[in-house]
1. For region 88-112, which residues satisfy the criterion of being buried (at least 21 other Cβ atoms within 10 Å of the Cβ), over 17 Å from residue 41 (Cβ atoms) and not small (Gly, Ala, Ser)?
2. Go through (1) in contact with a Ser or Thr (Cβ under 8 Å, 6 or more places away or on another chain); (2) at pLDDT 95 or above; (3) open to solvent by 30 Å² or more (accessible area, probe 1.4 Å) for residue 53 and report which single condition fails.
3. Given 85, 47, 80, which one is surrounded by 13 or more Cβ atoms within 10 Å (Cβ to Cβ) and part of a loop (DSSP other than H, G, I, E, B)?
4. Within region 5-44, which residues are hydrophobic (A, V, I, L, M, F, W, C), in contact with a Cys (Cβ under 8 Å, 6 or more places away or on another chain) and open to solvent by 20 Å² or more (accessible area, probe 1.4 Å)?
5. Test each condition in (1) outside any strand (DSSP E or B); (2) open to solvent by 40 Å² or more (accessible area, probe 1.4 Å); (3) farther than 19 Å from residue 13 by Cβ for residue 115 and report the one that comes out false.
6. What's the number of the only condition in (1) open to solvent by less than 50 Å² (accessible area, probe 1.4 Å); (2) β-branched (Val, Ile, Thr); (3) under 11 Å from the mean Cα position of the chain (by Cα) that residue 68 fails to meet?
7. When you go through 33, 90, 112, 77 one by one, which is the residue that is in contact with a Gly (Cβ under 7 Å, 6 or more places away or on another chain) and in contact (Cβ under 8 Å) with a residue 24 or more places away in the chain?
8. Do we find that residue 72 is within 17 Å of residue 8 (Cβ to Cβ) and acidic (Asp, Glu) in this structure?
Amino acid sequence: QVQLAESGGGVVRPGGSLRLSCAASGSISSIYTMGWYRQAPGKQRELVVGITSGGIVNYADSVKGRFTISRDNAQNTVSLQMNSLKSEDTAVYYCYVLLGKRTYWGQGTQVTVSS
């Protein structure tokens, strides 16, 4: 089993910034993908960004140039710096770990971008 503990999120005005963090613990090997999905009201969950243990990053087109992911393999943590936030970034953000064929999820943290 893998446990994910998220922190960060909140309410911010358009153009503002937030930082999300996620720590993985439990039965986790050194080779896995970690990152964030999000789900807005009435919409499907979508990938925001993922980063492999080798440092390969995949961003959604909608966040490229605004969001930056960083990872600490020694600590099994990942952070997401979100800048230039827009109202359409409002969603519940879920940390995930892809380990083999299994995906583990965090409990989700709300990000609200509103004036």
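The values are calculated or read from the model by the stated rules, or taken from the named source; none is laboratory data. None of the values given here were measured: they were computed from a predicted structure. Cβ placement follows ideal geometry from the backbone for every residue including glycine, while neighbour counts extend to all protein chains displayed. These accessible areas exclude ligands, DNA and RNA; they are computed on the full protein's heavy atoms, side chains included. Shrake-Rupley method; radii C 1.70, N 1.55, O 1.52, S 1.80 Å.
1. 95, 96, 97 - these are the residues of region 88-112 that are buried (at least 21 other Cβ atoms within 10 Å of the Cβ), over 17 Å from residue 41 (Cβ atoms) and not small (Gly, Ala, Ser).
2. The failed condition is (2).
3. Among 85, 47, 80, only 85 is surrounded by 13 or more Cβ atoms within 10 Å (Cβ to Cβ) and part of a loop (DSSP other than H, G, I, E, B).
4. 5
5. Every condition holds for residue 115 apart from (3).
6. Going through the list (1) open to solvent by less than 50 Å² (accessible area, probe 1.4 Å); (2) β-branched (Val, Ile, Thr); (3) under 11 Å from the mean Cα position of the chain (by Cα), residue 68 breaks only (1).
7. Values: 90 fails: in contact with a Gly (Cβ under 7 Å, 6 or more places away or on another chain); 112 fails: in contact with a Gly (Cβ under 7 Å, 6 or more places away or on another chain); 77 fails: in contact with a Gly (Cβ under 7 Å, 6 or more places away or on another chain).
Of 33, 90, 112, 77, the one residue that is in contact with a Gly (Cβ under 7 Å, 6 or more places away or on another chain) and in contact (Cβ under 8 Å) with a residue 24 or more places away in the chain is 33.
8. Answer is yes for this residue.
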